[in-house]
Amino acid sequence: MKTVVCWFSKSSSVDASLFHQDVGDAGAVLDVNIRLTIYVLELPPMNDRLNALSAISPDAVFRLLGDETRLRALVLLHGCESLCVCELVEVLQLSQPKVSRHLAMLREAGLVLDERRGAWVHYRVRPDLPGWVAEALGAAVSGARETGWFADDHARLAALARRETAAACA
């Protein structure tokens with residue numbers, strides 16, 4: 001909670017008897033100072049789509065996981081603290097608009113969080129996913145290990161990690 005203190009000062013014609021003070025002439029012009037304290041409660045912005053994590057439905061989660069691009073992105077994010085969009089573009093070998101569009105769908109569904117760091121946006125898997133979603137994602141990661149793209153994506157990610165992230169984002 002924030003406290004905002006404002007001072008207002010205004011000269012005006014005020015009936016001195018309202019202040020129960022001896023100011024002499026009842027019709028005198030007084031210099032009135034008012035101190036106003038306003039309490040502002042800061043709430044995070046509400047996003048109707050992310051209003052309640054319990055609103056994540058199984059059909060929406062599995063529909064999202066049914067797309068290879070979104071599944072690959074989630075598998076990569078599952079194993080990392082966070083990844084920049086530019087890193088995902090390089091690892092997935094897809095265009096930036098396509099990767100960003102798929103990440104936006106995951107964000108809107110409540111599966112990932114984004115954070116702007118300067119000119120770049122970093123994504124990570126939500127740490128507070130409902131248990132069944134976390135289990136489904138863990139099972140998807142386990143199953144993905146048997147695919148050809150899993151090893152390729154992780155090899156590109158490892159090579160990228162050896163380079164400076166700033167060079168990949170330039």
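The values are calculated or read from the model by the stated rules, or taken from the named source; none is laboratory data. The structure displayed is predicted, hence computed values, not measured ones. Reconstructed Cβ throughout: ideal geometry from the backbone, glycine too, with neighbour counts over all protein chains shown. Only protein heavy atoms, including side chains, enter the accessible area calculation; ligands, DNA and RNA are left aside. Shrake-Rupley method; radii C 1.70, N 1.55, O 1.52, S 1.80 Å.
Filtered by the rule that a residue be open to solvent by 40 Å² or more (accessible area, probe 1.4 Å) and either over 18 Å from the mean Cα position of the chain (by Cα) or modelled with pLDDT of 95 or more (or both), the range 128-140 gives GLY131, TRP132, ALA134, GLU135, ALA139. Quick one: would you say LEU77 is modelled with pLDDT of 95 or more, closer than 20 Å to SER142 by Cβ and in a helix (DSSP H, G or I)? It is true that LEU77 is modelled with pLDDT of 95 or more, closer than 20 Å to SER142 by Cβ and in a helix (DSSP H, G or I). When residues of the range 57-68 are filtered for being open to solvent by less than 20 Å² (accessible area, probe 1.4 Å) and over 15 Å from ALA139 (Cα atoms), how many remain? Total satisfying the criteria: 0.
Taking SER82, is it at pLDDT below 95 and hydroxyl-bearing (Ser, Thr, Tyr)? So SER82 fits the description; yes. From the list VAL99, VAL91, VAL112, VAL125, the one residue that fits, being open to solvent by 20 Å² or more (accessible area, probe 1.4 Å) and of a type in the set (Val, Ile, Thr), is VAL125. Kindly state which helices (runs of 4 or more DSSP H) lie completely within the range 80-170 and contain at least 1 residues that are closer than 21 Å to LEU64 by Cα and of a type in the set (Val, Ile, Thr). Fully inside the range 80-170 and qualifying: 85-92, 96-109, 131-144. Residues being more than 16 Å from the chain's Cα centre (by Cα), under 26 Å from GLY131 (Cβ atoms) and surrounded by fewer than 19 Cβ atoms within 10 Å (Cβ to Cβ) are represented in the range 70-78 by at least one member.
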